[in-house]
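For reference, the structure discussed in these notes is given below.
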Amino acid sequence: MPALVNYSGDDELYSGGSFCSADLGLMLSLGHAEVYCPPRKRSRISGPFVVEDRSKGPSLDDLPDECLFEILRRLPGGRERGAASCLSKRWLMLLSSVRSSEICRSKSYTNLNDSTMISKDEDLEVECDGYLTRCVEGKKATDVRLAAIAVGTSTRGGLGKLSVRGSNSVRGITNVGLSAIAHGCPSLRALSLWNVPCIGDEGLLEVARECRSLEKLDLSHCPSISNRGLVAIAENCPSLTSLTIESCPNIGNEGLQAIGRCCNKLQSLTIKDCPLVGDQGIASILSSGASMLTKVELHCLNITDFSLAVIGHYGKQITNLCLSSLRNVSQKGFWVMGNAKGLQSLVSLTITLCWGATDVGLEAVGKGCPNLKRMCIRKCCIVSDCGVVAFAKEAGSLECLNLEECNRITQIGILNAVSNCRRLKSLSLVKCMGIKDLALQTSLLYPCESLRSLSIRSCPGFGSTSLAMIGKLCPKLHKLDLSGLCGITDAGLLPLLESCEGLVKVNLSDCLNLTDQVVLSLAARHGETLELLNLDGCRKVTDASLVAIADNCSLLNDLDVSKCAITDSGVAALSRGVQVNLQVLSLSGCSMVSNKSVPSLKKLGECLLGLNLQHCSISCSSVELLAEDLWRCDIFS
């Protein structure tokens, strides 16, 4: 205490001195407080001693926005602007309204910290191509947040990519926040706005005026944005390469026509569920003389056969085409699109829920697209065996064929399509209810030596007879997925396993009638190549299968025996096996696996990265001890 009373240091009284950092000192000196800060003496209180100044003088906050704007735009560097933005919401919003071109930079002022300042925002990242990106979601999506981002990143050239997903329900993002980004980030290249109802044309106009380098624009569920905003983007952002518009009810043909006139570098176009978009808008983009479109996706639009005719005639650069829920397109549209002979570069085609996709239309598409490699047909209930076989004969380059919920297609069409596709590498059938388990003559069909992947999922009519027939046509399979086929048995699957060479990935989940016999054959014939095996829900599979797997499958890295009849003995046998690469093991629902398996699991855990023990009979304390030993492994229990 005497030392404190007799202290005779160099204490000074700082008027408005900094109590946070040197960076804020410049700003806080404008306030009206006397701050006592001993420079070399440790204080006995947690903060500086503040003495209120009773004399109320004039304040900068009394100035109108116009005057304060002129002051703030003359701040010399990024750190000073960042410090000023922390003082009040008013100062932040004024700083965010200052365009980069309006900042007064003194020639004598240089601040090296502006170029090396590191962001402490956890959501800010630097992409591989060198520009900053930011994603704002939910409650964080407010105007103040965007203003802070704009001010904070302005010293490093501003954001290159911004994604806004959702909006704060109380203080949602409006045109003010988007304008702040436009003013502070003139080098913005990619903008994504999802579900932001309060952003309208005014905000998009500011982006168009300030961000002339914009390349990607994604608008989803933005009801307040209309053709006016899209026209401004088209006229001011000629470098636009990607445009996505989804569920924007006020954007129509006028906006797309402007895109077609001005954006000659557009490469990707996705339009979904926009009721005002019709043939005129689609045709204006596709028929542009300098069209560079390579990817086109059209979903739930009021377009007709005319648009498909334009695609078929002018889509010379299109490589990926997706057509979905086009109710007004008839068979004629697909026929003309194929016979126009313009889709010479088309590689991938997806058709979903289109009534006009018929057998005649598919055959025409096969003829008109000589380089087509991937074809996906979903929920096209009119397509039958004749159409699939005719398409397969015409599409000589086809490598991948996916059929989903096409209920008029039977096993006759499937077998003939496989036999006629000499380059087919992948075949996928999902929920095709028209397939029945009937014995057919296959002696006249040619094996498909190129097929490597066969996936037949959730087709209840596909049984052992059908599987045995298709097995004869696919001798070179590497990947087999038969999940959800309750009708197949050992007798149907064994011939396929015997005819194949070197299976790598096998998924037999929910094949309830398969037994250990299949797993024993699989392990014996393909154990040297098998890397993934999924037996989830195969209730008749027992410990004997794990013994065979342990003895033969040295390369296995992913094994799922959930809800199988596995016991502690099977787990013990697996721990003594030859496999050294097992990284993922799932025993979920194996109620006969108990605490006795813990030592075996510890041994397996030397290489495991994922272990699922949900609904097993292993106690919580044992799982905790196991987790301590297997610190590298994620354990689900």
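What does the extension gain come out to for M292 and L520, with contour length at 0.36 nm per residue minus their alpha carbon separation?
On the way: separation 228, 0.36 × 228 = 82.08 nm, distance 5.43 nm.
So the chain would gain 76.6 nm between M292 and L520.
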Q. Tell me, what % of the accessible area of segment 132-199 is carbon and sulfur with a 1.4 angstrom probe?
A. 55
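How much FRET efficiency would the formula 1/(1 + (r/R0)^6) give for R539 and D273, where r is the Cβ-Cβ distance and R0 is 51 Å, rounded to 0.05?
It comes out at approximately 0.75.
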Q: For K596, list the lysines whose Cα falls under 24 Å from its own Cα; do not include residues on the same chain fewer than 8 positions away.
A: K540, K563
Q.
Which residues does the label zone of S450 cover in segment 324-350, counting backbone N under 15 Å from a point 7 Å along Cα→Cβ?
A. 347-348
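Can you tell me the accessible area per residue over segment 515-636, all protein chains present, probe 1.4 angstrom, in square angstrom?
45
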**Q.** Cα centroid separation, segment 367-390 to segment 251-320 (Å)
**A.** 23
Q.
Charges on Cβ only, +1 for Lys and Arg, -1 for Asp and Glu, centred on the Cα centroid of segment 384-428; of S419, C386, L403, which one is farthest towards the dipole's positive end?
A. S419
Q) Under 11 Å from a point 7 Å along the Cα-to-Cβ line of L440: which residues of segment 392-413 have their amide N that close? A) 409-413
Q: Would you mind computing, in nm to one decimal, how far apart the modelled labels at S621 and N264 are, each placed 7 Å from Cα along Cα→Cβ?
A: 7.8
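Taking the Cα centre of segment 244-373 as the origin, how large is its charge dipole in debye, to the nearest 20, when only Lys and Arg (+1) and Asp and Glu (-1) carry charge on their Cβ atoms? Mind dumping the intermediate values first?
Details: 10 positive and 8 negative charges, 78 e Å.
So the magnitude is around 380 debye.
By how many nm would the segment from N407 to K603 grow when fully extended, if each residue of separation counts as 0.36 nm and the alpha-carbon distance is taken off? Working shown, then result.
Values: separation 196, 0.36 × 196 = 70.56 nm, distance 4.89 nm.
Length difference between fully extended and current span is 65.7 nm.
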Q. Roughly to the nearest percent, how much of the accessible area of segment 302-361 is carbon and sulfur, given a 1.4 Å probe?
A. 57
Q.
Going by amide H atoms built from the backbone, whose H comes under 5 Å of the H on C354, apart from near neighbours?
A. S325
Q: Any chance you could look up the accessible area of Y131 with a 1.4 Å probe, heavy atoms only, rounded to 10 Å²?
A: 40
Q: Compare E606, E498 by solvent-accessible area with a 1.4 Å probe and give them largest first, with all protein chains kept in place.
A: E606, E498
**Q.** Inter-site label distance for N581 and R171 at 7 Å from Cα along Cβ, in nm
**A.** 5.4
Q.
Could you compute how much accessible surface E501 exposes when probed at 1.4 Å, giving the result in Å² to the nearest 10?
A. 120
Q.
I'd like the accessible area for V360, computed on protein heavy atoms only with a 1.4 Å probe and all protein chains in place. Round to 10 Å², please.
A. 70
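What is the magnitude of the charge dipole of segment 515-636 about its Cα centre, with +1 placed on the Cβ of each Lys and Arg, -1 on the Cβ of each Asp and Glu, and no other charges, expressed in debye to the nearest 20? Mind dumping the intermediate values first?
Working: 9 positive and 14 negative charges, 55 e Å.
Charge dipole, segment 515-636, about its Cα centre: 260 debye, nearest 20.
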Q: Would you work out which of V519, I488, G502 lies farthest towards the positive end of the dipole of segment 453-576? Charges go on Cβ: Lys and Arg +1, Asp and Glu -1.
A: I488
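The values are calculated or read from the model by the stated rules, or taken from the named source; none is laboratory data. Just so we're clear, the structure is a prediction, and the values are computed from it rather than from any experiment. As a convention, Cβ positions derive from the backbone with ideal geometry for all residues, glycine included, and neighbour counts pool all protein chains shown. Heads up: the accessible areas ignore ligands, DNA and RNA and are worked out on the full protein's heavy atoms, side chains in. Shrake-Rupley method; radii C 1.70, N 1.55, O 1.52, S 1.80 Å.
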